[in-house]
Amino acid sequence: MISFEKEKYIGRDLFKQITDIRVHNPGFISEVARTRIRRKEFVPAGKMNIVAADHPARGSLSVGNDPLAMADRHSLLSRLVCTLQSQWVDGVLGSMEILEDLLILHGLMNKTGAGFLDGKLLITSLNRGGLPGGAWELDDPITGTDAKTCAALGLDAAKMLLRFDFTSRDTIRTIEYCAAGVRDMNSQNLPIILEPLPVEKHGSSYRVLKDPDQLIRLIAVTSALGDSSRNIWLKIPFTSDFERVAASTTLPIVILGGDRNSGIDELLYDLKQALNSSHQVRGAMYGRNVLYPENAHPKDVAEAIGKLVHQKSESRKQENILLTNE
């Protein structure tokens, strides 16, 4: 991993002010949320490139060989600010405390004219309770916020993970949580992004199965959850035979980040294949691949993805980003 100068994007004094605000003026978060300039519609161009940072709330802090890489909040927030300042990034997915940290920074930095959250999508993650390695891992309840709070704070959408293991009775409970989440977001007419993933037990953890037939089956189940599918988006991995996977639904699809060890060029190639495979594919939602890339800078990776999503790359050569140290 190349060096990343976190203080270039959030100085040490500015980072300290986040805690000061939380101590002395917690209402600042709501004030900033109310004055933040929002989009008039969710996806005006029909597509979106979202940076995902909801991993810590599930206790998933590892990046590569560092088991606690995402635990450095100064570094994580700096990487988010860095990518969100790009015109090619449409927004961020995070748990509430991360979104609130970003709102505080937006309010403080906006005094100098740098409103990096203006016009961006703020998407919160609802179910973070299925902690990796826990005996209850697939029983994944909503431990985050609700639709009413999302509407009050001007958040734009929510996301829920739905892992299917047909050998575990806990799966049905998470199906029920996701159905309730759809109904709740529909009550405020807000989008909800559901992430159906077939998994199997692998040692003490679960491994995602990128099998197109299984994914097609789960898409059919997930699309029918709740009282209406009108606000549902799907977040799924790119797989073999992806045209058939995408053809199993009319719901809009975003592609989730793959194995970080697969490399940036392979990630971009797979994303291009997905985007070209079907009109249902409307963007990407990548996390550690963007924020902690190997031999790359986060902003370069985020912009390469955004240009593909918004169909601005002219050739395969442009997708092979030539990355330099910061």
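The values are calculated or read from the model by the stated rules, or taken from the named source; none is laboratory data. What you are looking at is a predicted structure, and each value in this text was computed from that prediction instead of being measured. Cβ sites come from the backbone with ideal geometry, for glycine too, and all protein chains shown count toward neighbours.
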Inset, instruction - Spot the failing condition for Asp259; the list is (1) at pLDDT 95 or above; (2) within 18 Å of the chain's Cα centre (by Cα); (3) of a type in the set (D, E, K, R), and only one is missed. - result: (1)
Inset, instruction - For Leu267, indicate whether it is hydrophobic (A, V, I, L, M, F, W, C) and modelled with pLDDT under 95. - result: yes
Legend entry - Among residues of segment 107-120, those that are in contact with a Leu (Cβ under 8 Å, 6 or more places away or on another chain) and either surrounded by 23 or more Cβ atoms within 10 Å (Cβ to Cβ) or over 21 Å from Cys150 (Cβ atoms) (or both), counted: 4
Legend entry - Some residue of segment 279-289 being surrounded by 15 or more Cβ atoms within 10 Å (Cβ to Cβ), at pLDDT 95 or above, more than 27 Å from Leu76 (Cα to Cα) and of a type outside the set (Phe, Trp, Tyr): yes
Inset, instruction - Confirm whether Gly203 is farther than 29 Å from Val89 by Cα, out of contact with any strand residue (DSSP E or B) (no Cβ under 8 Å at 6 or more places or on another chain) and either of a type in the set (Ser, Thr, Tyr) or surrounded by fewer than 21 Cβ atoms within 10 Å (Cβ to Cβ) (or both). - result: yes
Legend entry - Qualifying residue in segment 147-167 (condition: more than 29 Å from Ile216 (Cβ to Cβ), hydroxyl-bearing (Ser, Thr, Tyr) and under 18 Å from the mean Cα position of the chain (by Cα)): no
Inset, instruction - Output yes when any residue across segment 66-78 is buried (at least 16 other Cβ atoms within 10 Å of the Cβ), aliphatic (A, V, I, L, M) and modelled with pLDDT under 95, and no when none is. - result: yes
Inset, instruction - Pull up segment 10-19, narrow it to residues that are part of a helix (DSSP H, G or I) and either modelled with pLDDT under 95 or among the aliphatic types (A, V, I, L, M) (or both), then point me to the one that is nearest to the chain's Cα centre (by Cα). - result: Ile18
Inset, instruction - Sort through Arg22, Arg34, Arg38 and tell me the only one that's assigned to a helix (DSSP H, G or I), surrounded by 14 or more Cβ atoms within 10 Å (Cβ to Cβ) and out of contact with any helix residue (DSSP H, G or I) (no Cβ under 7 Å at 6 or more places or on another chain). - result: Arg22
Legend entry - Qualifying position, being within 18 Å of the chain's Cα centre (by Cα) and in contact (Cβ under 8 Å) with a residue 24 or more places away in the chain, among Asn295, Asn289: Asn289
Legend entry - Complete set of residues in segment 223-282 that are in a loop (DSSP other than H, G, I, E, B) and polar (S, T, N, Q): Ser228, Ser229, Asn231, Thr239, Ser240, Ser248, Thr249, Thr250, Ser278, Gln280
Legend entry - Check on Val63, under 22 Å from the mean Cα position of the chain (by Cα), modelled with pLDDT under 95 and among the β-branched types (Val, Ile, Thr): yes
Inset, instruction - For Lys47, indicate whether it is surrounded by 11 or more Cβ atoms within 10 Å (Cβ to Cβ) and more than 21 Å from the chain's Cα centre (by Cα). - result: no
Inset, instruction - Return a yes/no flag: does segment 195-204 have any residue that is in contact with a Leu (Cβ under 9 Å, 6 or more places away or on another chain), over 30 Å from Leu153 (Cα atoms), part of a helix (DSSP H, G or I) and not aromatic (Phe, Trp, Tyr). - result: no
